[in-house]
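Let me begin by presenting the structure, written as structure tokens, before commenting on it.
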Amino acid sequence: MTVKNEKAEEKKKDETGEKISADKSTDDQSWGYDMYPERKGAKLHRSWFKTIFGAEGRESLDNAKCEANVYHCVKNSPIIKLMLAALKSAGCEIDIRRHISCEVCIQPVTGGYDPELNQVIVCQNSAASKRMVQGVLLHEMIHMFDYCRNKLDLKNIDHLACTEIRAASIGHCSFMGSLLQGFSSPINIKATHQICVKNKAKMSVLAVHKVTPEKAEAAIERVFTKCYNDLEPVGRRIRRSSDDMPRAYAEAYLYGYT
């Protein structure tokens, strides 16, 4: 689950192997919010006022732009090409026409992963640029990789916490990114990186599990060490404005990702 960071917005304006127990799994009533309304057959209710001023009613244009950005990332982004190769190696080859869908989402969500249909969702009304789409694809493809490789059960809060920790650790919490979001300081980079990862993971868990913040935090702490240190298939934490993405792609053949 990719969710916009609230602090950043204000500044702009079980992979553990444990058995699923009753306190770690949830029933359908406590699972998920309706973040992708069209996916469940709901119709969009537009405001005539917002439509007049161009804030709504441009779904077709947004969809075309989103699909163009997805195609660009699939063809040109080293980190997305690495994820595609890793998924293929794991036996889950992606057909972008089938497994990636641009849709209207509820704010502040920018993307998601639907395990029932094995689809990555890119929110066309939130992920507006190629860079944002690349971030969404990387994040959600890590979930897809975990689902394929480890039979991830996203209704198990420990499993969900683990994959969200991995996605945040590998793709989001670069030092500069977490500094801008208010999670990091120059004093202890390692510790503040972990704080950023925990906060990002917590936001994502709360977005899809109707649990208290305390339960989300407890799940994150239970699995944090193991999942934070699992960097497969990228093999490193991506730093902003670095050569980490092309380097990871260049090394992909060492792991059989071709």
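Before moving on, here are some points about what is shown:
- Residues of region 196-213 satisfying the condition of being at pLDDT 90 or above and assigned to a helix (DSSP H, G or I): Val197, Lys198, Asn199, Lys200, Ala201, Lys202, Met203, Ser204, Val205, Leu206, Pro213
- When the residues of region 77-116 are filtered to those that are out of contact with any Cys (no Cβ under 6 Å at 6 or more places or on another chain) and among the polar types (S, T, N, Q), the one that is farthest from Thr2 (Cα to Cα) is Ser89.
- Residue match in region 76-97 (condition: part of a helix (DSSP H, G or I) and in contact with a strand residue (DSSP E or B) (Cβ under 7 Å, 6 or more places away or on another chain)): no
- Filter result (in a loop (DSSP other than H, G, I, E, B) and crowded, with 22+ Cβ neighbours inside 10 Å) within region 127-144: Ala127
- Screening the candidates Ala161, Ala168 for the property of being over 19 Å from Asp244 (Cα atoms), touching a helix residue (DSSP H, G or I) at 6+ places or on another chain (Cβ under 9 Å) and either surrounded by fewer than 24 Cβ atoms within 10 Å (Cβ to Cβ) or at pLDDT 80 or above (or both) yields one hit, Ala161.
- Scanning region 80-118 for residues that are surrounded by fewer than 16 Cβ atoms within 10 Å (Cβ to Cβ) and among the charged types (D, E, K, R) turns up Lys88, Glu93, Asp95, Arg97, Arg98, Glu116.
The values are calculated or read from the model by the stated rules, or taken from the named source; none is laboratory data. Keep in mind it's a predicted model, so treat the numbers as computed, not measured. Reconstructed Cβ throughout: ideal geometry from the backbone, glycine too, with neighbour counts over all protein chains shown.
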